[in-house]
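Asks: Have a look at the structure that comes next, please.
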Amino acid sequence: SFFFFSPSTPPAITFGAIYAKSTYNHIGAVEMILATAWCGIVYAIIGGQPAMINGGTGPVLAFAEILYKLSTSMDVPFLTLNAWIGIWVCIYMIIAAVIDLNRIISYATRFTDEIFAFLIAVIFIINALGSPFSTVGIYHYFDFSHDSHDPYQDDPYYSHWASAILSLLICIGTVQLAFFLRKIKFSPFLPNQTLRNAATDFAVVTSILIMSIIGNLAFSSIPLETLNVPKSFAPTYQCCDETCETNWPADCWEQAEPYGSRPWMVDLGDLNGKNWVPIMAAGPALLAFILVFLDDGITWHLIN
């Protein structure tokens, strides 16, 4: 259980941070950790396939970014549209299970597997280095107008170049250390094979912890962008007032504390007068279903 917990938590936090930037904090690290937890628990009880992706993935993240832009252009609350699409995806999944749609994955070729794996890898790499479609990635830290530099604009000793370069070094160091620890399993390091296996199994978690400690202790004088999470267990979206239509602190920076957090439960009737949204959501939901179906099915195919 601890082995599964360790590799599940860092992706949930990482994807949560990217989701927060892509969806204007409507979905963040808190929501991703909670969703990964309850999905894993429920699936462990009723699931029939041992290898299953219960957390966030690159293709689903890309779909969420497009969905947020769609909801903004339609003037419909993002979470409401996202919830209706989720309901339709659930319906499609039940139908797929009844008609045994999974059998078509057996016809996937090596070419199909490699193309999909390449797509997932590209999404991960682009979001890490610098996405051209959002402000996510190391590259954007070198831009003085990036949001991460806003809190320090009045600090005469702050250098956005120092913050950007340190972020880049920590990023490279984390990757290199993770690759090094993964190779320990087949090396002469450490006293026995059990410890070498443990170092390899927890390579990613260990490298993240070590580089985070180095960045915050050895270079404590250089501010780095930190994870946006509330002070207590609450949704990431913090409200400026009781209407909860504006986000703190971006929309009310002069306000010392947020009014509160958005509700945990999404109001499915909050359609901004557009009652056709629940039916319209069936279209994007079909695309989301195909994406999730292929993402999980081809991953299972690759593992086998």
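Asks: Which members of the range 97-138 meet the condition of being in a helix (DSSP H, G or I) and more than 23 Å from the chain's Cα centre (by Cα)?
Replies: Passing the criteria: A97, V98, L101, N102, R103, I104, I105, S106, Y107, R110, F111, T112.
Asks: Can you give me the number of residues within the range 201-239 that are in contact (Cβ under 8 Å) with a residue 60 or more places away in the chain and assigned to a helix (DSSP H, G or I)?
Replies: 4
Asks: Report yes if I298 is assigned to a helix (DSSP H, G or I), without any contact (Cβ under 8 Å) to a residue 60 or more places away in the chain and within 26 Å of V60 (Cα to Cα), otherwise no.
Replies: It is false that I298 is assigned to a helix (DSSP H, G or I), without any contact (Cβ under 8 Å) to a residue 60 or more places away in the chain and within 26 Å of V60 (Cα to Cα).
Asks: Starting from the range 158-187, keep only residues that are under 19 Å from T200 (Cα atoms), then list their pairs with residues that are outside any helix (DSSP H, G or I) whose Cβ atoms are within a distance under 7 Å, requiring at least 6 positions of separation or different chains.
Replies: I184/L190
Asks: Looking only at residues that are surrounded by fewer than 16 Cβ atoms within 10 Å (Cβ to Cβ), within 26 Å of the chain's Cα centre (by Cα) and among the hydroxyl-bearing types (S, T, Y) in the range 201-229, which one is modelled with the highest pLDDT?
Replies: S212
Asks: Scan the range 116-137 and report the pairs whose first residue is free of Cβ contacts under 8 Å to residues at least 40 places away in the same chain and whose second residue is among the polar types (S, T, N, Q), with Cβ atoms within less than 9 Å and a gap of 6+ or a chain change.
Replies: Every condition considered, the pairs that remain are S131/S22; G137/N127; G137/S131.
Asks: Inside the range 143-167, can you point out the residues that are open to solvent by 60 Å² or more (accessible area, probe 1.4 Å) and in a helix (DSSP H, G or I)?
Replies: Of everything in the range 143-167, those that are open to solvent by 60 Å² or more (accessible area, probe 1.4 Å) and in a helix (DSSP H, G or I) turn out to be D147, D150, P151, Y152, W161, I165.
Asks: I would also like to ask the following. Anything in the range 181-200 that is open to solvent by less than 100 Å² (accessible area, probe 1.4 Å) and either under 30 Å from Y157 (Cβ atoms) or not in a helix (DSSP H, G or I) (or both)? List them, or say none.
Replies: S187, L190, N192
Asks: Also, quick follow-up: What residue, of A17, A35, A29, is among the hydrophobic types (A, V, I, L, M, F, W, C), in contact with a Gly (Cβ under 6 Å, 6 or more places away or on another chain) and within 30 Å of M211 (Cβ to Cβ)?
Replies: Checking each option against the conditions leaves just A29.
Asks: Filter the range 168-177 down to the residues that are aliphatic (A, V, I, L, M), surrounded by 17 or more Cβ atoms within 10 Å (Cβ to Cβ) and within 26 Å of S22 (Cβ to Cβ) and list them by number.
Replies: I170
The values are calculated or read from the model by the stated rules, or taken from the named source; none is laboratory data. None of these values were measured; they are calculated from a predicted model. Ideal geometry is used to build each Cβ from the backbone, glycine not excepted, and the neighbour counts take in all protein chains shown. Note: accessible area is taken over every heavy atom of the protein model, side chains too, but ligands, DNA and RNA are not part of it. Shrake-Rupley method; radii C 1.70, N 1.55, O 1.52, S 1.80 Å.
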